[in-house]
Amino acid sequence: MQAEGVEEMPVPSNFPKSKEAQEFSYQAINFSDGEHMKEGSWASGPAPDGLGEFTYVATPPDGVPMPPPTRPDSRFYGTTDMLNIVEKTAGAVQDRLKKE
């Protein structure tokens, strides 16, 4: 993924193998609505570490909960769920706390 400029290595190289869920180490499990994930080098072929082969899993296995959707900062939209005064106050507080 680094070679493709997608992101940094998601797991530190010093993470202990004994704590790794190795049955999933080389699986690309699709949690999204589309199938574009299968197009990346992380979904098929040899792993960069030379220890495994990537496989694509189109849907999460039974019992794996779908993560909840994220809620971006409401100020990115022209309309929000909040009253305007509440929205302005919440935005001001977030800005003061330097949080996104």
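The values are calculated or read from the model by the stated rules, or taken from the named source; none is laboratory data. This one's a predicted model, so the numbers in the text were calculated from it and none came from an experiment. Cβ sites come from the backbone with ideal geometry, for glycine too, and all protein chains shown count toward neighbours.
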Next on the checklist: Cβ contacts < 7 Å: first residue within 17 Å of ASP95 (Cβ to Cβ), restricted to the range 65-80; second residue at pLDDT below 75 and exposed (fewer than 10 other Cβ atoms within 10 Å of the Cβ), any location; separation 6+ or different chain. Result?
Outcome noted: ASP73/GLU100
Checklist entry - Are any residues in the range 15-59 surrounded by 10 or more Cβ atoms within 10 Å (Cβ to Cβ), among the polar types (S, T, N, Q) and farther than 23 Å from PRO69 by Cα, and if so, which ones? => result GLN22, SER25, SER41, SER44, THR55
Item to check | Qualifying positions in the range 28-63 - among the small types (Gly, Ala, Ser) and farther than 19 Å from LYS17 by Cβ | outcome: ALA28, SER32, GLY34, GLY40, SER41, ALA43, SER44, GLY45, ALA58, GLY63
Checklist outcome for this item: Taking the range 33-62 and keeping residues in a loop (DSSP other than H, G, I, E, B) and in contact with a Lys or Arg (Cβ under 8 Å, 6 or more places away or on another chain) leaves SER44, ALA58
